[in-house]
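The values are calculated or read from the model by the stated rules, or taken from the named source; none is laboratory data. The shown structure was predicted, so the numbers you read here are calculated from the model rather than taken from an experiment. Neighbour counts run over all protein chains shown; Cβ positions are idealised from the backbone, glycine included. The accessibility values were calculated without ligands, DNA or RNA, using every heavy atom of the protein model including side chains. Shrake-Rupley method; radii C 1.70, N 1.55, O 1.52, S 1.80 Å.
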Amino acid sequence: MVNPNPNPSPDAPPGHLLLPVLLTVQFLVSLDMSVVNIALPDMGADLGFAPDSLLWVVNAYALAFGGLLMLGGRLADLVGRRRTLTWGFAVFGAASLAGGLALAPGQLIAARAVQGAGAAALAPVALALITVNYAAGPARSRALGLWGVSGALGGAVGIMAGGVLTDWVGWRSVMLINVPVVLAALLAARRGVPADRRTGPAPRLDVTGALLVTAGATLLVLGLVRTEIHGWTSGTTLGTLGAAAVLLAAFVAVEARKREPLLRLGLLGTAHRPVLSANVFALLMSSGQFAAFYFTSLYLQQVMEYGPTAAGAAFLPFCAGVVVGSTVATRTVGRLGERTLLVAGGLLGAAGFGWFALTVEAGGTFLGSILGPSLVASIGIGLCFVPLGAAATGGVAPEETGMASGLLNSSRQLGGSLGLAVLVTVAASATGDGRGRGALADGYAAAFAVSAGLLVAAALATAVLHGRRTIPAAPLAATPPRPAKTSVGEETSKNLGDDVETGVSRSTQG
């Protein structure tokens, strides 16, 4: 088993370059979900995209990322975290270079798909590296808080940078900007990320499970992102979602009988109630959060008539609120516990989105409709990062941290795609045939109200499912049983704003 630094301790602190590398991962993955959106019209005009194919610049990334997250997380456990991180960076950087040099629509779409595959390796392995290299307590909570904040900043900077780079340098720069960042991160990773060590026989990859979950998750995301085009009741949508359901059901059946599964189903059993609770919370919170970001972008550009750069700048209060919420969570998670912070954060986020629903109107202003709701919602969401990651990996054996991280990222990605698809339908229904600013604002307000309801549901689900554990539990060994090791404890997710941006691209197309 490849298991780098499985038992972190204050006597052997992580190198000073490790955390910057992991924060770069989160920033890049979030940045590339949003940075291309403002550049889409220029990409289409320069490369000759057909109108109905331009959205695939975004969807190709989302499909590869969502479909390969479980596999990427498990590969970190099997072949080594440093090795997976290095190859993920290499794939991501090469695809960014290829996309920046693309001469035809198919080349750019293919490059974005490969980018998504690289991101699917990077996101879960970075989360796992935080768990195994930072001892439970203030050090890990601080690392997780910064990790979540970097994702929020990546999403906001991506929106702003996309507009500025496209206006001043050209659309190719939004792809090529990744290359020097990746090269610097690779150099830092060679010095800062602990080397992989094999401490037992090499486990085998569950190839059948990997194929089933990759195909099933890809079809599920594909069916969801195309509902705006084909509708929920079309044969295309129903067939795609039905095939995804069959493949995912087959995946569960296969995993239940595997000795070395891609996903050990026991992680979601009663012995791991916090893990189950965290994934349900991530699914519901992302469903509301990602869609709310999408409709905020639409409201700013289509109703308030902000330009791309101004719309990106309007997201800065959200970034500030996330920093505040994450700081509070970092300092209080040990005393208040994961459950309390998740419930409080979910309800505060719901209050912010409910406030949006009440103030979004045709004559809205930044101070009256954006600033207050953004701060309340973002502080609530910021409160959730540290306890969410802590719950998702608490009590998980070190050799399964990649598995647990991949599961959490998959829950977030699926939630974002599902919520966006559903709430686009809700907004369209509320808007009706109207195309004026008032009608659009009514549709966005309805979507914000549903987003608030989803965060309330996330808080209630956590209150019921999570239990009362507040102190990191000793990791439960994977099958076959063995003596418990040092506690794995708490961890967080981000992706905040990550993967939200599959929808924001639609805002650039009206």
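Which members of the stretch 253-276 meet the condition of being more than 23 Å from Pro398 (Cβ to Cβ) and either buried (at least 16 other Cβ atoms within 10 Å of the Cβ) or in contact with a Pro (Cβ under 6 Å, 6 or more places away or on another chain) (or both)?
In the first step, residues of the stretch 253-276 are kept if they are more than 23 Å from Pro398 (Cβ to Cβ); the result is 253-254, 256-257.
Val254 - this is the single residue of the stretch 253-276 that is more than 23 Å from Pro398 (Cβ to Cβ) and either buried (at least 16 other Cβ atoms within 10 Å of the Cβ) or in contact with a Pro (Cβ under 6 Å, 6 or more places away or on another chain) (or both).
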Quiz item: Considering only the stretch 148-189, how many residues are in contact with a Ser or Thr (Cβ under 9 Å, 6 or more places away or on another chain), more than 29 Å from Ser326 (Cα to Cα) and not β-branched (Val, Ile, Thr)?
Solution: 5
Quiz prompt | Number of the condition not met by Gly389 [criteria: (1) at pLDDT below 85; (2) open to solvent by 10 Å² or more (accessible area, probe 1.4 Å); (3) assigned to a helix (DSSP H, G or I)] | solution = (2)
Quiz item: Which condition number does Gly239 fail, the rest of (1) out of contact with any Asp or Glu (no Cβ under 8 Å at 6 or more places or on another chain); (2) open to solvent by 30 Å² or more (accessible area, probe 1.4 Å); (3) touching a residue at least 12 places away in the same chain (Cβ under 8 Å) being met?
Solution: (3)
Quiz item: Just wondering, is there one or more residues in the stretch 37-50 that are modelled with pLDDT under 85, open to solvent by 10 Å² or more (accessible area, probe 1.4 Å), outside any helix (DSSP H, G or I) and more than 21 Å from Leu211 (Cβ to Cβ)?
Solution: yes
Quiz item: Can you name the condition, by its number, that Ile130 falls short on among (1) surrounded by fewer than 23 Cβ atoms within 10 Å (Cβ to Cβ); (2) in contact with a Gly (Cβ under 8 Å, 6 or more places away or on another chain); (3) within 30 Å of Arg331 (Cα to Cα)?
Solution: (1)
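What is the residue count in the stretch 392-441 for residues that are outside any helix (DSSP H, G or I), more than 21 Å from Arg81 (Cα to Cα) and touching a residue at least 24 places away in the same chain (Cβ under 8 Å)?
Residues of the stretch 392-441 outside any helix (DSSP H, G or I): 394-397, 432-436.
From what is left, the residues that are more than 21 Å from Arg81 (Cα to Cα) are 432-436.
Cutting the leftovers down to touching a residue at least 24 places away in the same chain (Cβ under 8 Å) gives us 436.
Total satisfying the criteria: 1.
Among the helices (runs of 4 or more DSSP H) confined wholly to the stretch 217-323, which include 3 or more residues that are within 21 Å of Ile370 (Cβ to Cβ)? Spell out how you get there, then give the answer.
Details: elements: 227-230, 235-255, 273-298, 308-313.
In the stretch 217-323, 273-298, 308-313 are the helices (runs of 4 or more DSSP H) which contain 3 or more residues that are within 21 Å of Ile370 (Cβ to Cβ).
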Quiz item: Out of curiosity, is Ala404 farther than 26 Å from Gly325 by Cβ, surrounded by 22 or more Cβ atoms within 10 Å (Cβ to Cβ), in contact with a strand residue (DSSP E or B) (Cβ under 7 Å, 6 or more places away or on another chain) and among the small types (Gly, Ala, Ser)?
Solution: no
Quiz item: What number of residues within the stretch 319-347 are open to solvent by 20 Å² or more (accessible area, probe 1.4 Å) and closer than 14 Å to Ser277 by Cα?
Solution: 3
Quiz item: Taking the stretch 153-170 on its own, how many of its residues are under 11 Å from Ser34 (Cα atoms) and open to solvent by less than 20 Å² (accessible area, probe 1.4 Å)?
Solution: 7
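Which one of Ala439, Ala428, Ala447 is over 23 Å from Leu68 (Cα atoms) and open to solvent by less than 20 Å² (accessible area, probe 1.4 Å)? If you could, list the steps in order and put the result at the bottom.
On the way: Ala439 fails: open to solvent by less than 20 Å² (accessible area, probe 1.4 Å); Ala428 fails: open to solvent by less than 20 Å² (accessible area, probe 1.4 Å).
Answer to the check: Ala447.
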Quiz prompt | In the stretch 450-475, the residues that are open to solvent by 70 Å² or more (accessible area, probe 1.4 Å) and at pLDDT below 50 | solution = Ile471
Quiz item: What number of residues within the stretch 224-236 satisfy the criterion of being open to solvent by less than 60 Å² (accessible area, probe 1.4 Å) and under 14 Å from Ala428 (Cβ atoms)?
Solution: 2
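Among the listed residues Glu305, Glu361, which satisfies the condition of being open to solvent by 10 Å² or more (accessible area, probe 1.4 Å), over 23 Å from the mean Cα position of the chain (by Cα) and on the phi > 0 side of the Ramachandran plot? If you could, list the steps in order and put the result at the bottom.
Numbers: Glu361 fails: on the phi > 0 side of the Ramachandran plot.
Answer to the check: Glu305.
When residues of the stretch 157-199 are filtered for being among the charged types (D, E, K, R) and in contact with a Lys or Arg (Cβ under 6 Å, 6 or more places away or on another chain), how many remain?
Going through the stretch 157-199, the residues among the charged types (D, E, K, R) turn out to be 167, 172, 190-191, 196-198.
Now narrow it down to the ones that are in contact with a Lys or Arg (Cβ under 6 Å, 6 or more places away or on another chain): 196.
The total comes to 1.
Out of all the residues in the stretch 373-385, is one or more among the aliphatic types (A, V, I, L, M), outside any helix (DSSP H, G or I) and surrounded by 24 or more Cβ atoms within 10 Å (Cβ to Cβ)?
Looking only at the stretch 373-385, we keep the residues that are among the aliphatic types (A, V, I, L, M), and these are 375-377, 379, 381, 383.
This time we only want the ones that are outside any helix (DSSP H, G or I), so: none.
Scanning the stretch 373-385 turns up no residue that is among the aliphatic types (A, V, I, L, M), outside any helix (DSSP H, G or I) and surrounded by 24 or more Cβ atoms within 10 Å (Cβ to Cβ).
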Exercise. For residues that are in contact (Cβ under 8 Å) with a residue 40 or more places away in the chain and surrounded by fewer than 24 Cβ atoms within 10 Å (Cβ to Cβ), tally how many sit in the stretch 90-127.
Key: 15
Quiz item: Looking only at the stretch 158-181, which residues are under 17 Å from Gln115 (Cβ atoms) and of a type in the set (Val, Ile, Thr)?
Solution: Val174, Ile177, Val179, Val181
